[in-house]
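*Asks:* Got a structure for you, questions after.
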Amino acid sequence: MDDLRDLYEEVILDHNRNPRNFNRKAENGNCEAHGFNPLCGDEFTIHMAVEEGVINDVSFTGVGCAISTASASLMTAAVKGKTVAEAEALFASVHELLTDEKGEDVTDKVGKLKVLAGVKEYPMRVKCATLAWHTMHAAMENKESTICTE
């Protein structure tokens, strides 16, 4: 368990310090959504280029804590090149991993993203970790209203 915790901390720090797909708009972007966590001030816009059901590019802009920034970075890396259906399934699995609402073990469905499971040890931070995911989900549906985690 200590190894997983160490990995969690290492990955969160790496993706916070060097976020992937950050501070740019997706090339040929055609889907976008804005998300806000009023509890801590995390605020991101997810930019996506979706063609024929495939996410060709995805990026994010905004500001957030280490956990929300790392989660957004991990999310963009994970869904780039996937179909919208695959990204939706990954969204559902990551949400289940972080919230454990159904009590299912989804670690086999999330691959490397299982490092996010460490967030569950800090219940107040789950909304930080899910903000980018909810915002990506809204971007795929082209929702114009701001996505809020409260």
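Rule-based calculations on the coordinates, nothing more; no lab input. Quantities reported herein were computed from a predicted structural model and do not represent experimental measurements. Cβ atoms come from the backbone with ideal geometry, glycine included; neighbour counts cover every protein chain shown.
*Asks:* What residues have an amide H closer than 5 Å to that of Lys82, excluding those fewer than 5 places away on the same chain, when H is modeled at 1.01 Å from N in the peptide plane?
*Replies:* The list, which skips near neighbours in sequence, is Ile55.
*Asks:* May I pose another question? Express in whole angstrom the spacing between the alpha-carbon centres of the stretch 1-41 and the stretch 105-150.
*Replies:* First find each Cα centre; the distance between them is then 10 Å.
*Asks:* For the stretch 32-37, in order, what is each residue's ³J(HN,Hα) by Karplus, 6.51 cos²θ - 1.76 cosθ + 1.60 with θ = phi - 60°, in whole Hz (x at glycine and Pro)?
*Replies:* After applying 6.51 cos²θ - 1.76 cosθ + 1.60, I find 7, 8, 10, x, 9, 10 Hz.
*Asks:* Here's something else I'd like to know. Could you bin all the Cα-Cα distances of the stretch 44-150 into 5 Å bins starting at 0 and give me the percent of pairs in each, rounded to whole numbers?
*Replies:* 2, 13, 25, 26, 20, 10, 3, 0
*Asks:* Karplus couplings for the stretch 64-75 from phi (6.51 cos²θ - 1.76 cosθ + 1.60, θ = phi - 60°), rounded to Hz, Gly and Pro as x?
*Replies:* x, 5, 4, 5, 5, 5, 5, 5, 5, 5, 4, 4
*Asks:* If you line up the long axis of helix 84-99 against the longest principal axis of the chain, both from Cα atoms, how many degrees apart are they, to the nearest 10?
*Replies:* 30
*Asks:* If you don't mind, another one. Please list 3J(HN,Hα) in residue order for the stretch 127-135, calculated via the Karplus relation 6.51 cos²θ - 1.76 cosθ + 1.60 where θ = phi - 60°; whole Hz, with x for glycine and proline.
*Replies:* After applying 6.51 cos²θ - 1.76 cosθ + 1.60, I find 5, 5, 6, 8, 3, 4, 5, 5, 5 Hz.
*Asks:* Another question, if that's okay. To the nearest 20 Debye, how big is the dipole of the chain about its Cα centre, given +1 on the beta carbon of each Lys and Arg and -1 on that of each Asp and Glu?
*Replies:* The calculated dipole for the chain is roughly 300 debye.
*Asks:* Counting pairs of alpha carbon atoms under 8 Å apart in space and at least six apart in sequence, what relative contact order in percent does the stretch 2-148 give?
*Replies:* Across the stretch 2-148, relative contact order equals 31 percent.
*Asks:* Just in the stretch 66-121: which trypsin sites (Lys or Arg not before Pro) are loop by DSSP and have at most 11 other Cβ atoms within 10 Å?
*Replies:* Sites meeting the loop and neighbour criteria: Lys102.
*Asks:* Let me ask something additional. Show the residues, 5+ positions off or on another chain, whose built amide H is closer than 5 Å to the amide H of Asn30.
*Replies:* Hits under the 5 Å cutoff: Met48, Ala49, Val50.
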